[in-house]
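Structure, as C-alpha coordinates:
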Amino acid sequence: LWQAAVNHLREDLPGQFPALPVSFDFLAATWHNTVDGAAFEVVSPARQGHLPRAPDLLWSVRLPAAVRTAPRVFTGPKPADTDILVQDDENTLHLLAHTGKIRWRLPLPAPIRSDFFAISLHGDGERQYAFSTADAIYVVGRDGILSPGFPLRLQVPAVNGVTVVDFFQSHDYRFFIACENGNIY
(Lines give C-alpha, C1' and ligand atoms only; values in the text may rest on other atoms or scores of the structure.)
Protein backbone atom coordinates (compact mmCIF):
# COMPACT_ATOMS: atom_id res chain seq x y z
CA LEU A 1 0.00 0.00 0.00
CA TRP A 2 2.84 2.42 0.86
CA GLN A 3 4.59 1.81 -2.48
CA ALA A 4 1.33 2.42 -4.36
CA ALA A 5 0.60 5.61 -2.37
CA VAL A 6 4.08 7.03 -3.11
CA ASN A 7 3.16 7.23 -6.81
CA HIS A 8 0.60 9.93 -5.97
CA LEU A 9 2.92 12.13 -3.88
CA ARG A 10 5.42 14.74 -4.99
CA GLU A 11 8.65 12.97 -5.96
CA ASP A 12 10.68 14.61 -3.16
CA LEU A 13 8.14 13.94 -0.37
CA PRO A 14 8.76 10.19 0.27
CA GLY A 15 12.48 10.91 0.74
CA GLN A 16 11.62 13.07 3.76
CA PHE A 17 10.48 10.00 5.72
CA PRO A 18 13.30 8.13 7.49
CA ALA A 19 11.82 4.80 6.30
CA LEU A 20 8.43 3.31 5.62
CA PRO A 21 5.92 4.88 8.03
CA VAL A 22 4.84 1.42 9.15
CA SER A 23 7.46 -1.22 9.84
CA PHE A 24 6.86 -4.89 10.53
CA ASP A 25 8.07 -8.28 9.46
CA PHE A 26 6.15 -10.11 6.77
CA LEU A 27 2.45 -10.54 7.42
CA ALA A 28 -0.12 -11.89 4.98
CA ALA A 29 -3.85 -12.47 5.11
CA THR A 30 -6.02 -14.59 2.84
CA TRP A 31 -9.77 -14.85 2.40
CA HIS A 32 -11.30 -18.07 1.08
CA ASN A 33 -14.94 -18.58 0.17
CA THR A 34 -16.17 -21.92 1.50
CA VAL A 35 -19.43 -23.83 1.36
CA ASP A 36 -20.26 -22.68 4.90
CA GLY A 37 -19.33 -19.02 4.32
CA ALA A 38 -15.76 -17.75 4.34
CA ALA A 39 -12.43 -18.45 6.01
CA PHE A 40 -9.94 -15.76 6.95
CA GLU A 41 -6.29 -16.69 7.61
CA VAL A 42 -3.41 -14.55 8.85
CA VAL A 43 0.12 -15.85 8.25
CA SER A 44 3.09 -14.54 10.25
CA PRO A 45 6.77 -15.51 10.62
CA ALA A 46 5.90 -17.45 13.76
CA ARG A 47 4.07 -20.02 11.66
CA GLN A 48 6.85 -22.34 10.52
CA GLY A 49 6.71 -24.26 7.26
CA HIS A 50 4.01 -22.11 5.65
CA LEU A 51 4.98 -20.44 2.37
CA PRO A 52 3.29 -17.11 1.71
CA ARG A 53 1.72 -16.36 -1.65
CA ALA A 54 3.68 -14.38 -4.20
CA PRO A 55 4.05 -10.67 -3.39
CA ASP A 56 1.76 -8.14 -5.00
CA LEU A 57 2.95 -6.11 -7.97
CA LEU A 58 4.23 -2.72 -6.75
CA TRP A 59 4.18 -0.94 -10.11
CA SER A 60 4.68 -1.53 -13.81
CA VAL A 61 5.89 0.63 -16.67
CA ARG A 62 4.99 0.31 -20.33
CA LEU A 63 7.95 1.07 -22.57
CA PRO A 64 7.61 1.74 -26.32
CA ALA A 65 9.50 -1.47 -27.15
CA ALA A 66 10.45 -4.74 -25.47
CA VAL A 67 13.17 -4.59 -22.84
CA ARG A 68 16.68 -5.46 -24.09
CA THR A 69 18.73 -5.21 -20.89
CA ALA A 70 18.00 -6.36 -17.38
CA PRO A 71 16.97 -3.42 -15.18
CA ARG A 72 19.94 -2.13 -13.17
CA VAL A 73 19.10 -0.52 -9.82
CA PHE A 74 21.28 2.14 -8.18
CA THR A 75 20.31 3.22 -4.67
CA GLY A 76 21.13 6.40 -2.81
CA PRO A 77 20.72 7.54 0.78
CA LYS A 78 17.03 8.41 0.21
CA PRO A 79 14.39 6.52 -1.80
CA ALA A 80 14.17 9.46 -4.23
CA ASP A 81 17.88 8.89 -5.01
CA THR A 82 17.15 5.43 -6.42
CA ASP A 83 17.49 5.08 -10.19
CA ILE A 84 16.64 2.16 -12.47
CA LEU A 85 18.30 2.00 -15.89
CA VAL A 86 17.02 -0.19 -18.72
CA GLN A 87 17.40 -0.21 -22.51
CA ASP A 88 14.65 -1.29 -24.90
CA ASP A 89 14.85 -3.03 -28.29
CA GLU A 90 14.74 0.34 -30.09
CA ASN A 91 18.05 1.17 -28.29
CA THR A 92 16.42 3.81 -26.09
CA LEU A 93 17.86 4.08 -22.59
CA HIS A 94 15.27 4.81 -19.89
CA LEU A 95 15.90 6.10 -16.37
CA LEU A 96 13.07 5.20 -13.99
CA ALA A 97 12.40 6.55 -10.50
CA HIS A 98 11.86 4.18 -7.56
CA THR A 99 8.12 4.75 -8.07
CA GLY A 100 8.24 3.50 -11.68
CA LYS A 101 7.93 6.97 -13.21
CA ILE A 102 10.05 7.47 -16.36
CA ARG A 103 12.39 10.38 -15.62
CA TRP A 104 13.98 10.53 -19.07
CA ARG A 105 14.66 8.67 -22.30
CA LEU A 106 17.91 8.78 -24.29
CA PRO A 107 17.87 7.37 -27.85
CA LEU A 108 21.13 5.57 -28.64
CA PRO A 109 22.37 4.41 -32.06
CA ALA A 110 23.20 0.86 -30.89
CA PRO A 111 22.68 -1.68 -28.10
CA ILE A 112 24.55 -1.19 -24.83
CA ARG A 113 27.33 -3.80 -24.50
CA SER A 114 28.57 -3.06 -20.98
CA ASP A 115 27.28 -2.92 -17.46
CA PHE A 116 26.27 0.47 -16.06
CA PHE A 117 28.77 2.15 -13.74
CA ALA A 118 27.70 4.82 -11.23
CA ILE A 119 30.43 7.45 -11.04
CA SER A 120 30.92 11.04 -9.90
CA LEU A 121 33.03 12.29 -12.79
CA HIS A 122 33.46 15.81 -11.44
CA GLY A 123 33.95 14.81 -7.77
CA ASP A 124 30.97 16.94 -6.73
CA GLY A 125 28.85 14.05 -5.45
CA GLU A 126 26.51 14.23 -8.44
CA ARG A 127 25.99 10.78 -9.92
CA GLN A 128 26.53 9.98 -13.59
CA TYR A 129 26.26 6.66 -15.40
CA ALA A 130 28.99 5.29 -17.68
CA PHE A 131 28.37 2.55 -20.27
CA SER A 132 29.35 1.67 -23.82
CA THR A 133 28.12 0.47 -27.17
CA ALA A 134 30.33 -1.14 -29.82
CA ASP A 135 31.24 2.31 -31.19
CA ALA A 136 31.26 4.73 -28.23
CA ILE A 137 31.64 5.27 -24.50
CA TYR A 138 28.90 7.32 -22.82
CA VAL A 139 28.63 9.21 -19.54
CA VAL A 140 25.17 10.62 -18.80
CA GLY A 141 23.93 12.47 -15.72
CA ARG A 142 20.85 11.73 -13.64
CA ASP A 143 19.22 14.57 -15.59
CA GLY A 144 19.64 12.70 -18.91
CA ILE A 145 22.27 15.10 -20.26
CA LEU A 146 25.52 13.73 -21.67
CA SER A 147 28.65 14.88 -19.84
CA PRO A 148 30.94 17.22 -21.82
CA GLY A 149 33.25 15.26 -24.14
CA PHE A 150 30.87 12.29 -24.37
CA PRO A 151 30.04 10.18 -26.20
CA LEU A 152 33.65 9.29 -26.81
CA ARG A 153 33.67 7.74 -30.32
CA LEU A 154 35.88 4.67 -30.78
CA GLN A 155 38.05 4.51 -33.92
CA VAL A 156 37.77 0.70 -33.97
CA PRO A 157 34.64 -1.20 -32.80
CA ALA A 158 34.81 -2.69 -29.30
CA VAL A 159 34.61 -6.44 -28.73
CA ASN A 160 33.38 -6.05 -25.16
CA GLY A 161 31.87 -3.44 -22.86
CA VAL A 162 33.78 -0.71 -21.09
CA THR A 163 35.06 -1.28 -17.56
CA VAL A 164 35.34 1.79 -15.32
CA VAL A 165 37.79 1.78 -12.40
CA ASP A 166 38.60 4.36 -9.73
CA PHE A 167 41.75 2.81 -8.25
CA PHE A 168 42.10 5.13 -5.24
CA GLN A 169 38.49 6.40 -4.84
CA SER A 170 39.80 9.79 -6.00
CA HIS A 171 37.24 10.31 -8.81
CA ASP A 172 40.13 9.89 -11.27
CA TYR A 173 38.39 7.24 -13.37
CA ARG A 174 40.04 4.91 -15.86
CA PHE A 175 37.99 3.51 -18.73
CA PHE A 176 39.18 0.19 -20.22
CA ILE A 177 37.82 -1.27 -23.43
CA ALA A 178 39.10 -3.96 -25.84
CA CYS A 179 38.68 -3.39 -29.57
CA GLU A 180 38.66 -5.50 -32.76
CA ASN A 181 42.25 -4.52 -33.61
CA GLY A 182 43.47 -6.49 -30.57
CA ASN A 183 44.27 -3.41 -28.48
CA ILE A 184 42.98 -2.49 -25.06
CA TYR A 185 42.46 1.22 -24.59
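Observations
Residue by residue, here is whether (1) among the charged types (D, E, K, R); (2) open to solvent by less than 20 Å² (accessible area, probe 1.4 Å) holds:
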site: Arg62; (1), (2): yes, no
site: Ala66; (1), (2): no, no
site: Pro71; (1), (2): no, no
site: Thr75; (1), (2): no, no
site: Asp81; (1), (2): yes, no
site: Glu90; (1), (2): yes, no
site: His94; (1), (2): no, yes
site: Lys101; (1), (2): yes, no
site: Trp104; (1), (2): no, no
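- Among the numbered conditions (1) within 20 Å of Arg68 (Cβ to Cβ); (2) out of contact with any Phe, Trp or Tyr (no Cβ under 8 Å at 6 or more places or on another chain), the only one that His171 does not meet is (1).
- Of all residues in the stretch 71-94, those that are touching a residue at least 40 places away in the same chain (Cβ under 8 Å) and not in a strand (DSSP E or B) total 5.
- Qualifying residue in the stretch 144-162 (condition: open to solvent by 40 Å² or more (accessible area, probe 1.4 Å), of a type in the set (D, E, K, R) and touching a residue at least 12 places away in the same chain (Cβ under 8 Å)): yes
Residue-wise test of (1) surrounded by fewer than 18 Cβ atoms within 10 Å (Cβ to Cβ); (2) modelled with pLDDT of 95 or more; (3) within 21 Å of Leu106 (Cα to Cα); (4) among the hydroxyl-bearing types (Ser, Thr, Tyr).
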{"residue": "Tyr129", "(1), (2), (3), (4)": "no, yes, yes, yes"}
{"residue": "Ile137", "(1), (2), (3), (4)": "no, yes, yes, no"}
{"residue": "His171", "(1), (2), (3), (4)": "yes, no, no, no"}
{"residue": "Phe175", "(1), (2), (3), (4)": "yes, yes, no, no"}
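- Screening the stretch 91-127 for residues that are of a type in the set (Gly, Ala, Ser) and at positive phi and picking the one that is modelled with the highest pLDDT gives Gly100.
The values are calculated or read from the model by the stated rules, or taken from the named source; none is laboratory data. Quantities reported herein were computed from a predicted structural model and do not represent experimental measurements. Positions of Cβ are backbone-derived with ideal geometry, glycine not excepted, and every protein chain shown enters the neighbour counts. These area figures cover heavy atoms from the full protein model, side chains too; ligands, DNA and RNA do not enter into them. Shrake-Rupley method; radii C 1.70, N 1.55, O 1.52, S 1.80 Å.
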